1. I need the full set of residues from segment 118-137 which are at negative phi and surrounded by fewer than 20 Cβ atoms within 10 Å (Cβ to Cβ), in order please.
2. Inspect all residues belonging to segment 102-112 and state whether any of them is closer than 26 Å to residue 134 by Cα, among the charged types (D, E, K, R) and without any contact (Cβ under 8 Å) to a residue 12 or more places away in the chain.
3. Can you tell me which condition residue 144 does not meet? The list is (1) surrounded by 16 or more Cβ atoms within 10 Å (Cβ to Cβ); (2) polar (S, T, N, Q); (3) under 18 Å from the mean Cα position of the chain (by Cα), and all the others hold.
4. Looking at the structure I just gave you, is residue 143 in contact (Cβ under 8 Å) with a residue 12 or more places away in the chain, within 21 Å of residue 173 (Cβ to Cβ) and in the same structural domain as residue 192 (by TED's automatic domain parsing)?
5. Tell me yes or no: at least one residue of segment 16-24 is buried (at least 24 other Cβ atoms within 10 Å of the Cβ), touching a Pro at 6+ places or on another chain (Cβ under 8 Å) and at pLDDT 95 or above.
6. From 273, 248, 322, 312, grab the single residue that is among the hydroxyl-bearing types (Ser, Thr, Tyr) and either within 24 Å of residue 359 (Cβ to Cβ) or loosely packed, with under 13 Cβ neighbours inside 10 Å (or both).
7. Looking at 159, 105, 111, which one is buried (at least 17 other Cβ atoms within 10 Å of the Cβ) and either more than 26 Å from residue 6 (Cα to Cα) or under 21 Å from the mean Cα position of the chain (by Cα) (or both)?
8. Based on what the data block shows, is residue 329 part of a helix (DSSP H, G or I) and outside the structural domain of residue 249 (by TED's automatic domain parsing)?
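The values are calculated or read from the model by the stated rules, or taken from the named source; none is laboratory data. Source: prediction; values computed, not measured. We place every Cβ from the backbone using ideal geometry, glycine too, and count neighbours over all the protein chains shown.
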Amino acid sequence: MTDTALSGVYVLDLSDGMSGGYCSKVLRDLGADVIKIEAPRAGDSTRGMGPFLNGVPNIETSATFLYLNAGKQSLTLNLESDEGRKILRRLIGNSDVLVESFKPGMMDALGLGHSELEKLNLALVTASISYFGATGPYSDYEGSDLVAYAVSGYMYLTGDEDREPLKAGGSQSEYQAGMAGAMSIMAALTHRDFTGEGQHIDVSAIEALNATFDGVGYYSAYENRGVVPKRAGTRLVQREPHGAYPSTLLPCKDGWVHVHYSPSNPEGIAMLTGDERMESDDVLSEMRGHADEIDASLTEWLKDHTREEIQTLAQEIRVPFTMVQSIPEVLEDPQNTARGFFVDIEHPEAGALKYLTSPYRLPESPWHAVRAPLLGEHNRDIICGALGYSDGDFQRLKEANAI
């Protein structure tokens, strides 16, 4: 196999759920070797998340788990047992990175607080991912993706102005936290290359979400001008009349399109619609203030055109109109096909399924398609192979419910 960007980096994923799972997925996609530590019998909580193959719950066919853990090894350890913790400590001594998502304080309760980890492996990089972070008055609070949306301010700005706040689709706080963790880990590994020392990274999912939704602009508007941003439905949260025409979604002949304007071609909307009013000075000088009028002009033109026609015509004059695609359409999108973004991976329980590859392409260290592990699939390989336990020891560990 071709050397990859993180070849030779060994990661212990002690986390449970999406955030830590995505963090170690990014590292694995860049070439790290990842051991997923799971609870015996039940496994990671994402194994219980649907959708499942044929709609039948099965810890081996959860789409969420299969995606997040493709290419990792699965080792089951009972961390409530002395033997389980002993095995973990040995693995820590031989690892480069540890990812965990326990509530703050739980690692200390396991006898694996940061000071103890330093004794086991001074060069270890540890990333602790939690909703509120390890410090502050909220650090012990229970959290969730919904909580993160609410507390970060993201939810306050999502939805229609005259309706209740909404949560955006998916689990973005989890994935943003995972990405923040992965980026921090790679920076810490670079620091270690110069100093020989690891460090402990504290990642807050709420802060990760807050840092990626243009919050700084909203805070600045409030601090400097006393402007409190409001929900704007599908529009950009932009209220000043002289501002740009705010991005929005409008219906067309066969669905919906995202419409915007181009700073390099502000007359583009008039060129598309044939409405000369759209290139008049009073409209162009206060596009946000004329948003409703622009919407009406566009809607009249859009109703006679399909999404593909609109996107093609707009791109020809460099105006960023794009069609809103369904999931089946995304799978068949010629751009995704040309870049090989979806691949089929065979799994012994789930069969052949389409998987997303990687959003980043490193020509010298390409992404490799490898299936997700069965629960505890690599127990013997790791315990007897990597750690040198005998077959008798392995059987004893099983009988003691340590693995």
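1. 118, 119, 120, 121, 122, 123, 134, 135, 137
2. yes
3. Going through (1) surrounded by 16 or more Cβ atoms within 10 Å (Cβ to Cβ); (2) polar (S, T, N, Q); (3) under 18 Å from the mean Cα position of the chain (by Cα) one by one, residue 144 breaks only (1).
4. Against the criterion (in contact (Cβ under 8 Å) with a residue 12 or more places away in the chain, within 21 Å of residue 173 (Cβ to Cβ) and in the same structural domain as residue 192 (by TED's automatic domain parsing)), residue 143 qualifies.
5. no
6. After ruling out the rest, the residue left standing is 322.
7. It is 159.
8. Yes, satisfied.
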